[in-house]
Amino acid sequence: MIDFNVPPYVGTEEKYIKEAIQNQKICGDGAFTHRCSEWINSHFHVNYSLLTTSCTHALEMSALLAQVKEGDEVIMPSYTFVSTADAFVQRGANIVFVDIRPETMNLDERLIEDAVTARTRAIVPVHYAGVSCEMDTITDIAKARNLLVIEDAAQGFDAYYKGRSLGTIGDFGCLSFHETKNLTMGEGGAFLFQDERWREQAEIIREKGTNRSKFFRGQIDKYTWVDYGSSYLPSDLNAAYLWAQLEQADKIQNNRMESWNFYHEALRPLAEKGYIVQPYIPPYAEHNAHMYYLKAENETVRNRLLTYFKEHGVLAVFHYIPLHNAPAGQRFGRFHGEDVYTTRESSRLLRLPLYYGLKREDQEYVIQTLYSFYQESWS
Ligand SMILES: Cc1ncc(COP(=O)(O)O)c(C=O)c1O
């Protein structure tokens, strides 16, 4: 059986976890957490990065910092993971879904302006598959209408928009280090921002509503409860795991990119014959080989293909069921404009196995299986 995902593992994780234990500091904000944050700051040119327990929690921090409240509206694509919406729904917001661009599966920036109302508080672009949204248009609209831009960059580690790292362009950026992502710490994420004015409040929200971060920096002599907050900081054990991977990020990323390119070249003839549609990378985007997806002719063929893969020992998957069609999406959101692409394109999409260390012969088998499917179907 060829797995769909295997969490990345580089071999130095245990060594660093042991070091964290020997440091006798395994709670949050230990030495490894600091190392990881510094790495992210310097590699992605971002002033502040706070490690979190997940990207979901980084999104929740965004909603709290943005002071999203009952009746506010937040604009986002419906084609995304539940957390993108849930973080704002928890604060009482109504979600306004806009359609996607079929070629990238990202929200169509040309539809945002029309969805803005007096109640809109934020725009949440999701960089699907580590391929950037059209950020200039989005940040221009936000500036003109005094809205926040909160990037869901769960899949955007080491991916770029016009040379700028995803997650560092809007007001806030949220990364994921879940085990399905390019780099992992089991469960985890990061909350990124450039503007110093958010720092104190972000730290308070992350540290249970206290000013403990200031206390640890020696800026105050005792810490206390100063505002609302939660506990969004990960254990240093998880950060130690992530540190091992950050140190070898290039190796992981190069390996994924090789696999991505191999699929892309090998499947081109199927695309040229019109059987499948391959991912498209706009000229402004540098992607990170987070996923390799293809689109079948329609949902029926996609489902047959999923079954065929399973019968031949390959775990391919589909996602997402558009949020506006889900029970909670209907309760907490509305679709603005027409759903031309969201439902149609998502129902055709299928993801192929892609992970660090995927063997070339396994990849060849996946490709060959895909070719046999089309030969059997159309001969
Ligand atoms: C687009 C998107 N947003 C948010 C998340 C949530 O990330 P996490 O599992 O780190 O909470 C995911 C996870 O897959 C995602 O794909």
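What relative contact order, as a whole-number percentage, does region 309-379 give when Cα pairs under 8 Å and 6 or more residues apart are counted? Answer for region 309-379 is 39 percent. Where does the charge balance sit around residue 296 when Lys and Arg score +1, Asp and Glu -1, over other residues with C-beta under 14 Å from its C-beta? Summing Lys/Arg as +1 and Asp/Glu as -1 gives +4. In the chain, Cα pairs under 8 Å separated by at least six residues give a relative contact order of 23 percent.
By the scheme Lys and Arg +1, Asp and Glu -1, what is the net charge of all other residues having a beta-carbon under 11 Å from that of residue 350? Value of the local net charge: +4.
Rounded, prolate or oblate: which one fits region 1-58, using the alpha carbon gyration tensor with axes a ≥ b ≥ c (rounded when a/c is under 1.5, else prolate when a/b beats b/c, else oblate)? Taking the square roots of the gyration eigenvalues as a ≥ b ≥ c, region 1-58 is oblate. About its Cα centre, region 201-290 has a charge dipole of approximately 260 debye under the convention of +1 per Lys or Arg Cβ and -1 per Asp or Glu Cβ, with nothing else charged. Distance between the modelled labels on residue 69 and residue 372, one decimal in nanometres: 6.2 nm (7 Å Cα→Cβ projection). Okay, which of region 303-329 sit inside 16 Å, backbone N to the point 7 Å along the Cα-Cβ direction of residue 1? Answer for region 303-329: 307-318.
Ordering 89, 79, 126 by Cα displacement along the dipole of region 63-128 toward the positive end leaves 89 in first place; charges were set at the Cβ atoms of Lys, Arg (+1) and Asp, Glu (-1). Of the residues 274, 367, 194, the one whose Cα sits farthest toward the positive end of the charge dipole of the chain, with +1 on the Cβ of Lys and Arg and -1 on the Cβ of Asp and Glu, is 194. Separation of region 327-353 from region 108-183 is 18 Å, based on Cα centroids. Separation of region 198-272 and region 32-97, taken as the distance between their Cα centroids, equals 12 angstrom. Sum up the charges of everything whose Cβ sits under 13 Å from the Cβ of residue 235, counting Lys and Arg as +1 and Asp and Glu as -1, but leave residue 235 out. That works out to -2. For the listed residue pairs 214/251; 69/162; 25/214; 162/310, the alpha carbons are over 30 angstrom apart in 214/251; 69/162; 162/310.
Please find the FRET efficiency linking residue 330 to residue 278, where r is the Cβ-Cβ separation and R0 is fixed at 45 Å, and quote it to the nearest 0.05. Computed FRET efficiency for residue 330 and residue 278: 0.85. Backbone N atoms of region 243-259 closer than 20 Å to the 7 Å Cα→Cβ label point of residue 360 belong to residues 251-259.
Diffusion coefficient of region 284-379 by Stokes-Einstein, Kirkwood radius over Cα pairs, 10 °C, 1.306 mPa s: 103 µm²/s. Seen from every direction in turn and averaged, the convex hull around the alpha carbons of region 237-329 projects onto 9.9 nm². Helix-only arithmetic for the chain: the sum of -39500 (n - 2.57) across DSSP H runs with n ≥ 4, divided by the residue total, places the mean residue ellipticity at 222 nm at -12000 deg cm²/dmol.
Using the Stokes-Einstein relation with a Kirkwood hydrodynamic radius computed over Cα pairs, the translational diffusion coefficient of the chain at 4 °C and a viscosity of 1.567 mPa s comes to 60 µm²/s.
Here, each number is a calculation from the coordinates, and none is a lab measurement. Here the structure is a predicted model, which means the values were calculated and not measured. As a convention, Cβ positions derive from the backbone with ideal geometry for all residues, glycine included, and neighbour counts pool all protein chains shown.
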